[in-house]
Every structure is written in C-alpha cells, then in structure tokens.
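Before any comments, here is the structure.
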Amino acid sequence: AQARALARLGWRVSFHDGGDLIAVDMHDSAVDTWREWGRSLGLPDVTSPAWKVADVTVVWLTLGLPLPRLLVGRAGALDRLLLALRAIMSVPLARSYERRGAAYWLSPLADPLAAARLTWSVVRPARRWRDRDYV
C-alpha cells in the first residue's frame, strides 16, 4: 500500500531482495493463516473495485486454476509452465522464511485456497484485526 501511494505521488519505486534484512515468520496455524490472508491480500485502502476484479482474475488464472486443471486432466502447456514457475520460485524465496518445513515446500498446493481467500476478502473485506473492529 505504501509503495503504491508513493508511486501515485510520482516517486520512483523499485523492488529489491530483502532476504538479508528481513525474515518472514509464517502463521502458527491454518486458522490464523486463513484469517490473516483476508486482512492483507485485498489491499482495500489502495485498490479500486475495478482493479480488485482484475487482480482476482489474474490470481485465479495464474495460481488458482492451473493445479485443479492439472488434477482433472485439463491442463495445457501454459498451466504446466505456471506450475513449474511456481515450484521453481519456491527455491529462491525459501531463504526469506525462518521455518521451511514440509508446509513451506507444499505451499503451492494451497494456491487454489489462497485464490479463494483473496476472492472472499475482496467481496467481504476483513473488519477485525488484533481484537479491534474497524468500519
């Protein structure tokens, strides 16, 4: 959200590997993950409704649908390429995560669930965070 706001104001924004500066501590349970994904993924403060629809569509086409299409025998070359890229990207991203157990390496299997949660958070944004309710 901050990067988008600065870019909108004309700032030059770029992304760099922060693996040496930060460590990502994942949620402790599936329930926490499900709840917290909904709070952060939709970016309701900085994304217009039209862009949210476009973003959700891209997430479904690139992450949410390739695995189910593969499992039902309907995957095309693009689906296979997207799944391969997702698996390959897990390797360089791994160093940013403190815990890289089986859940990390199997996380591409949760991409359809992440797409569903993102869709839900766009349709019905979270209004509670850290035991506080927001309008």
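Structural remarks
- Taking the 1.4 Å solvent-accessible surface of the chain as the whole, the part contributed by carbon and sulfur is 63%.
- In sequence order, the stretch 89-101 has phi-based couplings of 5, 5, 5, x, 6, 4, 5, 7, 9, 5, 10, 10, x Hz under the Karplus curve 6.51 cos²θ - 1.76 cosθ + 1.60, θ = phi - 60°, and Gly or Pro positions carry x.
- Mean Cβ count within 10 Å, highest first, over the residues of peptides 105-117, 9-21: 105-117, 9-21
- Computed over the chain, the per-residue total of -39500 (n - 2.57) for DSSP H runs of n ≥ 4 gives a 222 nm mean residue ellipticity of -15000 deg cm²/dmol, rounded to 500.
- Sorted from longest to shortest, the spans of the Cα atoms of the chain along the three principal axes equal 43, 36, 35 Å.
- Relative contact order of the chain, pairs being alpha-carbon contacts under 8 Å that are 6 or more residues apart, as %: 36
The values are calculated or read from the model by the stated rules, or taken from the named source; none is laboratory data. Since this is a predicted model, take the numbers as computed values, not measurements. All Cβ positions, glycine included, derive from the backbone under ideal geometry; neighbour counts span all protein chains shown. These area figures cover heavy atoms from the full protein model, side chains too; ligands, DNA and RNA do not enter into them. Shrake-Rupley method; radii C 1.70, N 1.55, O 1.52, S 1.80 Å.
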